[in-house]
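Chemist: Sharing a structure, written as structure tokens. Questions coming.
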Amino acid sequence: MKSKILKYSVLLVLIAISVGGIYYLNLPNRHKAIIKTRINHSLGLVDNTWNINTKNNTLSLITPTLVVDQVYKSMEGPKVMRSFQIDPKTDDLLWITSFETKAISTNEVDALSNDYVCHTNIDFYDGEHYARWNLNERIGQNYPRLTSMSNGIEKYKFPEGFGFPVFGNENLFLSTQTLNHNIKSDPFSVKHEVSLGYKPHSDAMKPLQSKTVFIMLPYNADNPFKGPTEANPNMCLPVETGNHSYRDEDGESLSGHWVVFPGEKRYRYDITHQLQLKDSTTMHHIATHVHPFAETLSFRDKTTDSILFTSIAKNYTDKIGLKHVSSFSSKAGIMLYPDHNYELILETNNTSGVQQDMMASMFIFLYDKEMHEKLKAFNSKN
């Protein structure tokens with residue numbers, strides 16, 4: 001009897017392993033990377049600890065080890081996530097003024113190529129953040145992304161006198177992901193060091209509000225991977241339909257992560273509804289996110305037929321990747337108006353000869369008049 005139980009138990013285990021193996025092999029790269037990273041960290045096969053330090057008004061978060069074992073395009077590589085606070089010991093008001101992410105060796109000293117930096121996203125908890133300022137009507141209105149850094153634009157700072165106000169013990173959220181477009185050799189390991197620069201509170205500081213605008217393109221929800229046709233030339237081929245897929249007010253399916261075919265192409269998308277401007281205000285900083293083979297991403301005022309800013313992406317010529325992506329920063333700012341229409345215009349040139357993936361976003365920082373009024377009241381009480 002015991003031998004039969006043992007035999008069936010072994011058989012069930014083998015079946016489970018086989019089914020699990022088949023399931024794993026059919027997963028996309030990014031899901032495989034999640035599983036492998038969890039196994040590496042859970043079993044302690046690599047360093048699974050965070051090294052967090054504060055020095056000279058800079059918070060540094062060094063990630064656990066990330067193993068790069070194959071080519072990983074954007075959105076595919078191993079990643080880690082965690083909540084954090086700038087200073088959990090204090091309730092003092094602080095101002096975030098700069099961001100930086102970089103790839104480093106596992107010794108946490110030597111710098112590596114930033115070709116291994118994909119997305120580094122920093123979010124805030126809008127329920128906590130806006131409730132502290134009695135701005136409850138903002139909660140849930142927009143995805144609470146503070147900013148994102150990526151290959152080609154790994155660091156920037158706001159214009160002098162501007163920042164994003166947070167309390168020392170306020171919760172923030174970090175997600176950072178590896179990238180590897182070119183290396184096909186044996187597996188290697190990297191870490192990311194993410195740094196936030198901040199300042200003590202000053203009455204003279206002006207608050208910025210982050211808005212994310214990005215290109216979305218229509219696709220055929222009934223046959224999503226057929227791609228553009230002569231009848232529907234504006235249709236895109238989504239990379240997948242499970243992520244970065246949306247529906248507009250007419251129920252049309254849209255994708256923010258799509259395929260670009262070899263050659264040159266221009267894409268346009270109206271972002272007026274993403275901005276949600278209720279009043280005139282000034283734009284003081286733009287951080288751009290694009291993928292390799294993008295050449296320019298422009299922010300255009302459709303009402304005045306004028307380009308407000310063009311971000312230039314410099315691609316490598318001897319490998320896949322971005323050398324640099326330009327950003328916008330201005331103390332004076334550029335006026336935006338609630339009765340104007342705005343759009344993003346993306347120019348690409350896929351010189352690889354094969355299909356590549358693309359995203360095009362701008363993280364826009366606007367002067368926050370409403371928050372400034374809250375700060376004036378805060379200042380008068382403190």
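The values are calculated or read from the model by the stated rules, or taken from the named source; none is laboratory data. Computed from a prediction, not measured in an experiment: that's the story for all the values here. In this analysis, Cβ positions are derived from the backbone assuming ideal geometry, glycine residues included, and neighbour counts consider all displayed protein chains. Accessible surface is based on the protein model in full, side chains and every heavy atom, while ligands, DNA and RNA are left aside. Shrake-Rupley method; radii C 1.70, N 1.55, O 1.52, S 1.80 Å.
Chemist: Using a probe radius of 1.4 Å on heavy atoms only, what accessible surface per residue do you get for segment 111-201? Whole Å² is fine. Provide the component values of the computation, followed by the final result.
Modeler: On the way: 3360 Å² over 91 residues.
Normalised by residue count, the accessible surface of segment 111-201 is 37 Å².
Chemist: Keeping every protein chain present and rolling a 1.4 Å probe, give me the accessible area per residue for segment 243-382 in Å². Don't jump to the answer; show the numbers that get you there.
Modeler: Working: 6670 Å² over 140 residues.
Ligands and nucleic acids excluded, the result is 48 Å² per residue.
Chemist: So, one more: Run the Debye formula on the Cα coordinates of segment 251-382, all scatterers equal and no solvent, and tell me log10 I(q)/I(0) at q = 0.11, 0.14 1/Å.
Modeler: Results for segment 251-382 at q = 0.11, 0.14 Å⁻¹ read -0.48, -0.71.
Chemist: Once the principal axes of the Cα atoms of segment 129-173 are found, what is the range along each, listed largest first in whole angstroms?
Modeler: Between the extreme Cα coordinates on each principal axis of segment 129-173 lie 36, 24, 19 Å.
Chemist: Report the Cα centroid-to-centroid distance between segment 253-316 and segment 365-382 in angstrom, as an integer.
Modeler: Each part's Cα centre sits 30 Å from the other's.
Chemist: Mind listing the long-range amide H neighbours of residue 232? Cut-off is under 5 Å, sequence gap 5 or more, other chains count too, H placed in the peptide plane at 1.01 Å from N.
Modeler: So residue 232 has HN proximity to no qualifying residue.
Chemist: Of the listed values [x] 87, 44, 35; [y] 60, 48, 36; [z] 80, 60, 43, grab the one calculated as Cα extents along the principal axes in Å from the structure here.
Modeler: [z]
Chemist: Now a separate question. Calculate, for residue 340 and residue 317, the FRET efficiency according to 1/(1 + (r/R0)^6) with r their C-beta to C-beta distance and R0 41 Å; round to the nearest 0.05.
Modeler: Details: r = 38 Å, r/R0 = 0.93.
For R0 = 41 Å, the calculated efficiency reads 0.60.
Chemist: I've got another one for you. Give me the percent of the accessible area of segment 271-323 that comes from carbon and sulfur atoms, probe 1.4 Å, all protein chains in place.
Modeler: On the way: 1140 of 2290 Å².
Roughly 50 percent of what the probe reaches on segment 271-323 is carbon or sulfur.
Chemist: May I ask you to give the percent of accessible area on segment 97-196 that is carbon plus sulfur, with a probe radius of 1.4 Å?
Modeler: Numbers: 1750 of 3740 Å².
For segment 97-196, the apolar C and S fraction of the accessible surface comes to 47 percent.
Chemist: Set the bar at 31 Å for Cα to Cα. Now go through 102/199; 102/381; 191/369; 55/184 and name every pair that lies beyond it.
Modeler: Working: 102/199 22 Å; 102/381 40 Å; 191/369 39 Å; 55/184 37 Å.
As for pairs spanning more than 31 Å Cα to Cα, those are 102/381; 191/369; 55/184.
Chemist: How long is the gain from residue 188 to residue 82 if the chain were fully straight, where each residue apart is worth 0.36 nm and the alpha carbon distance is subtracted? Numbers along the way, then the final one.
Modeler: Working: separation 106, 0.36 × 106 = 38.16 nm, distance 2.30 nm.
Gain on stretching residue 188 to residue 82: 35.9 nm.
Chemist: A follow-up question, please. Mind listing the long-range amide H neighbours of residue 80? Cut-off is under 5 Å, sequence gap 5 or more, other chains count too, H placed in the peptide plane at 1.01 Å from N.
Modeler: For residue 80, the qualifying residues are 176.
Chemist: On each of the three principal axes of the Cα atoms of segment 140-196, give max minus min coordinate, whole Å, ordered largest first.
Modeler: Cα spread of segment 140-196 along its principal axes, largest to smallest: 45, 27, 23 Å.
Chemist: Rolling a 1.4 Å sphere over the protein heavy atoms, what is the accessible area per residue of segment 50-95, to the nearest Å²? Walk me through the numbers before you get to the answer.
Modeler: Values: 2100 Å² over 46 residues.
Each residue of segment 50-95 exposes 46 Å² on average to a 1.4 Å probe.
Chemist: Same structure, new question: List nothing, just return the count: lysine pairs in segment 214-352, 8 or more apart or interchain, with Cα separation under 28 Å.
Modeler: Count of close lysine pairs: 12.
Chemist: Moving on. In whole Å, what is the distance between the alpha-carbon centres of segment 176-203 and segment 111-142?
Modeler: Their Cα centres are 16 Å away from one another.
Chemist: At 0.36 nm per residue, minus the direct Cα-Cα distance, what do residue 354 and residue 34 gain on full extension? Give it in nm, one decimal, please.
Modeler: On the way: separation 320, 0.36 × 320 = 115.20 nm, distance 2.65 nm.
Answer, rounded to one decimal: 112.6 nm.
Chemist: Quick one: if the Förster radius is 30 Å, what FRET efficiency do residue 329 and residue 48 give, using the C-beta to C-beta distance and rounding to 0.05? Before the final figure, lay out the partial values.
Modeler: Numbers: r = 37 Å, r/R0 = 1.22.
FRET efficiency, residue 329 to residue 48: 0.25.
Chemist: Let me ask you something else. Given the rule -39500 (n - 2.57) for each run of at least 4 DSSP H residues, summed and divided by the residues of the chain, what is its mean residue ellipticity at 222 nm, to the nearest 500 deg cm²/dmol? Walk me through the numbers on the way to the answer.
Modeler: Numbers: 5 runs with 62 residues, N = 382.
Helices in the chain give a 222 nm mean residue ellipticity of -5000 deg cm²/dmol.
Chemist: Got a number for the accessible area of residue 343? Probe 1.4 Å, square angstrom, nearest 10.
Modeler: 10 Å²
Chemist: In addition: What are the ³J(HN,Hα) couplings of segment 298-305, residue after residue, when phi is run through the Karplus curve with 6.51, -1.76, 1.60 and θ = phi - 60°? Round to Hz, x for glycine and proline.
Modeler: The phi angles translate into 10, 9, 10, 8, 5, 5, 9, 6 Hz.
Chemist: With a Förster radius of 25 Å, plug the Cβ-Cβ distance of residue 199 and residue 111 into 1/(1 + (r/R0)^6) and report the FRET value to the nearest 0.05.
Modeler: On the way: r = 26 Å, r/R0 = 1.04.
Approximately 0.45, to the nearest 0.05.
Chemist: On a full-extension model of 0.36 nm per residue, what is the gain between residue 307 and residue 222, subtracting their alpha-carbon distance, rounded to one decimal in nm? Numbers along the way, then the final one.
Modeler: Values: separation 85, 0.36 × 85 = 30.60 nm, distance 3.62 nm.
Contour length minus the Cα-Cα distance gives 27.0 nm.
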